[in-house]
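Here the structure is laid out as structure tokens; the discussion comes afterwards.
The values are calculated or read from the model by the stated rules, or taken from the named source; none is laboratory data. Quick caveat, the model's predicted, so the values are computed rather than measured. Don't worry about glycine lacking a Cβ; one is built from the backbone with ideal geometry, like all the others, and counts go over all protein chains shown. Heavy atoms of the whole protein, side chains included, go into the accessibility calculation; ligands, DNA and RNA do not. Shrake-Rupley method; radii C 1.70, N 1.55, O 1.52, S 1.80 Å.
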Amino acid sequence: MKTRTRAILATAVAFLLLAAAVGAGLNAVFTVTHVQAEFSTCSPAGDEDARRLRTELDAFVGKSTTFLDLDDVAEAVTKYPHFRVERAEKRYPSTVYVSVAERKETFSYLQEDGMYAVLDEEGEFLEAREDNGNRLAGENILLEGLSLTREGGTVQGKYFAELLEIARAFASALGEFRANVVSVSLIGNTSDERNDFLRFRMREGVVIDLGNPALLPALKAEAAIVRYLSLGDEARVFGFITVVDGREEGEVSADYSRDARLD
């Protein structure tokens with residue numbers, strides 16, 4: 001009986017030792033030995049942030065590949081508000097891959113506390129700062145009169161969604177939106193949307209007044225761009241391009257004049 005008990009105990013111990021050895025082997029195989037981080041940046045400040053973040057991501061080396069939570073990797077990136085995670089994945093047995101892109105500063109508006117809220121090209125909040133300087137060069141496009149509010153990273157305001165749609169149309173035709181537009185203001189802000197205009201001050205000097213922006217914003221933006229590109233160098237220095245609804249449904253008109261249509 002004692003011999004049988006010893007045999008059972010020996011078998012159990014051998015099994016435990018084998019399980020421990022297998023576990024140790026698996027842990028050695030499925031352990032992060034490399035964090036492959038790829039960065040897409042658009043500014044010198046973004047390059048510097050990327051260097052710091054790359055060092056911080058190396059802290060995941062030595063973690064279990066199996067039990068590593070990729071949300072923890074994403075959380076490390078959120079400490080840098082100008083970055084967003086494009087892709088994160090485990091590449092077994094021992095690599096974690098993460099692709100990170102810099103969010104491009106584009107817009108800003110003045111908050112009640114006197115700080116500028118800086119937004120990316122998709123209208124998402126990045127940070128608040130004392131000046132309107134862009135971290136790449138120049139200044140961000142200043143938004144005025146849109147009664148913008150923010151909850152977390154989400155910004156809302158009258159015609160803000162339409163403004164982003166217009167901005168995409170401008171960028172598609174002109175390239176870098178911020179290279180052409182200095183500021184955007186809401187003119188009118190009445191109870192009748194037909195009397196409201198979004199005013200785009202272009203860098204050369206000409207102003208684009210886009211009327212009733214809630215209706216056909218992308219189509220009006222395209223008409224404004226066609227008229228803008230048709231102007232000679234002298235005409236772009238001053239004057240107004242006014243874009244309004246056409247007589248027929250789905251039509252718009254874009255006219256240029258030396259004087260504004262509205263005060």
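Per the helix-only calculation at 222 nm, which mean residue ellipticity applies to the chain, given -39500 (n - 2.57) for every DSSP H run of n ≥ 4 and division by its residues, nearest 500 deg cm²/dmol? All intermediate terms of the calculation are to be shown ahead of the outcome.
Working: 6 runs with 84 residues, N = 263.
That calculation yields -10500 deg cm²/dmol at 222 nm.
Just name one of Gly145, Val98, Leu198: the one whose Cα is farthest towards the positive end of the charge dipole of segment 47-206 (beta-carbon charges, Lys/Arg +1, Asp/Glu -1).
Val98
Based on Cβ point charges of +1 for Lys and Arg and -1 for Asp and Glu, what charge dipole magnitude is obtained for the chain about its Cα centre, in debye rounded to the nearest 20?
Working: 30 positive and 44 negative charges, 389 e Å.
For the chain, the charge dipole is close to 1860 debye.
Highest GNM mean-square fluctuation, the chain, Cα pairs closer than 10 Å: which of Glu144, Glu204, Glu75?
Evaluated over the chain, the most mobile residue of the options is Glu75.
Using a Gaussian network model on the chain with a 10 Å cutoff between Cα atoms, which of Ala74, Ala137, Ala50 fluctuates the most?
Ala137
Identify the chymotrypsin sites (Phe, Trp or Tyr not before Pro) of segment 136-245 meeting these criteria: DSSP loop state and at most 13 other C-beta atoms within 10 Å of the C-beta. Present the calculation step by step, with values, prior to reporting the outcome.
On the way: sites: Tyr159, Phe160, Phe170, Phe177, Phe197, Phe200, Tyr228, Phe238, Phe240; in loops: Tyr159, Phe238.
Qualifying residues, ordered by number: Phe238.
Have a look at Glu121, Glu222, Glu48 and tell me which one the Gaussian network model of the chain (Cα, springs below 10 Å) gives the largest fluctuation.
Glu48
If you count only protein heavy atoms with a 1.4 Å probe, what accessible area per residue comes out for the chain, rounded to a whole Å²?
Working: 14550 Å² over 263 residues.
That works out to 55 Å² for each residue.
Tell me, what HN-Hα J-couplings in whole Hz come from the Karplus equation 6.51 cos²θ - 1.76 cosθ + 1.60 at θ = phi - 60° for each residue of segment 140-153, using x for Gly and Pro?
Per residue, the Karplus-derived 3J(HN,Hα) values read 7, 5, 7, 9, 10, x, 8, 6, 7, 10, 9, 10, x, x Hz.
What angle do you read, to the nearest 10 degrees and between 0 and 90, between the alpha-carbon axis of helix 2-29 and the longest principal axis of the chain?
Between the helix axis and the principal axis of the chain, the angle is about 30 degrees.
Enumerate the lysines that Lys220 could reach by cross-link, defined here as Cα to Cα under 20 Å, with residues fewer than 8 away along the same chain left out.
Filter leaves Lys158.
Considering only Ser257, Gly246, Ile225, whose Cα is most displaced toward the positive end of the charge dipole of the chain, charges sitting on Cβ of Lys, Arg (+1) and Asp, Glu (-1)?
Of Ser257, Gly246, Ile225, it is Ile225.
Given a 1.4 Å probe and the protein chains all in place, what does the accessible area of Thr154 round to, in Å² to the nearest 10?
70
Quick one: with all protein chains in place, what share of the accessible area of the chain is carbon or sulfur, to the nearest percent (1.4 Å probe)? If you can, show how the numbers build up before the last one.
Working: 7540 of 14550 Å².
Accessible surface attributable to carbon and sulfur in the chain totals 52 percent.
Longest exposed-loop-site-free stretch of the chain, with trypsin sites (Lys or Arg not before Pro), DSSP loop and at most 10 other Cβ within 10 Å? Before the final figure, lay out each step's value.
Working: sites that count: Arg247, Arg258.
Answer from the scan: 1-246.
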